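First comes the structure, then the notes that go with it.
The values are calculated or read from the model by the stated rules, or taken from the named source; none is laboratory data. Computed from a predicted structure; not experimentally measured. We place every Cβ from the backbone using ideal geometry, glycine too, and count neighbours over all the protein chains shown. Note: areas computed on protein heavy atoms with side chains; ligands, DNA, RNA excluded. Shrake-Rupley method; radii C 1.70, N 1.55, O 1.52, S 1.80 Å.
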Amino acid sequence: MNINWKLLHTLFFLMILTGLLAQDPPDMPSRSIVVNSTQNLSFGVLTILSGSTGGTVTVDYNGMRTASGSVVLLNSSPQAQQGIYEVKICPGRLVNISYPNSVVLTGNNGGSLTMNLGPTDKGPSGSSFISNKGCNDVHYVNVGGVLTVGSMAANPPGDYSGTFEITFIQQ
């Protein structure tokens with residue numbers, strides 16, 4: 001019996017190669033990003049001194065509230081708080097954060113206020129961070145802002161509200 005070792009070797013090699021090519025590649029981590037707003041940005045309760053031209057209220061990304069000008073901060077509910085977002089993304093991803101510079105808040109009794117948004121604890125709009133946690137871990141992004149308050153005539157007492165959009169882009 002004459003065995004062609006060269007042919008047998010080639011067939012064996014092709015069987016191994018076919019087995020290797022037929023295997024599925026390993027699953028890659030999901031490229032999706034999930035963002036949830038868990039706490040709204042709030043400036044709390046405040047007033048301005050009668051006859052004054054107003055001032056500003058700042059809530060930083062740690063939730064600390066300060067005032068300037070004729071703004072008086074009141075210690076009643078609702079309390080001031082930073083906005084908090086939960087970001088779930090797999091490790092090694094670069095995430096860019098962007099948001100508008102300012103937003104107009106409208107009052108239920110007339111008037112409007114301008115809120116300058118930011119910065120976040122990751123930096124100003126356009127900043128990035130790298131995900132360094134597992135796919136099921138959460139990155140927290142905190143955001144603050146500055147509210148410009150005018151006179152009582154321009155900003156009558158009431159509840160002021162508005163919305164803003166923060167965009168998280170993974171790269």
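Here MET64 sits with roughly 120 square angstrom of accessible surface, probe radius 1.4 Å.
Largest to smallest in accessible area, the residues CYS135, CYS90 fall in the order CYS135, CYS90 (1.4 Å probe, all protein chains included). Charge tally for SER98 (other residues, Cβ to Cβ under 12 Å; Lys, Arg +1; Asp, Glu -1): 0. Rolling a 1.4 Å probe over the heavy atoms of the protein chains gives the range 36-171 an accessible area of 51 Å² per residue. 3J(HN,Hα) along the range 53-70, derived from phi through the Karplus expression 6.51 cos²θ - 1.76 cosθ + 1.60 where θ = phi - 60°, amounts to 9, x, x, 9, 10, 10, 10, 7, 5, 9, x, 6, 10, 9, 10, 9, x, 9 Hz, with x in place of Gly and Pro.
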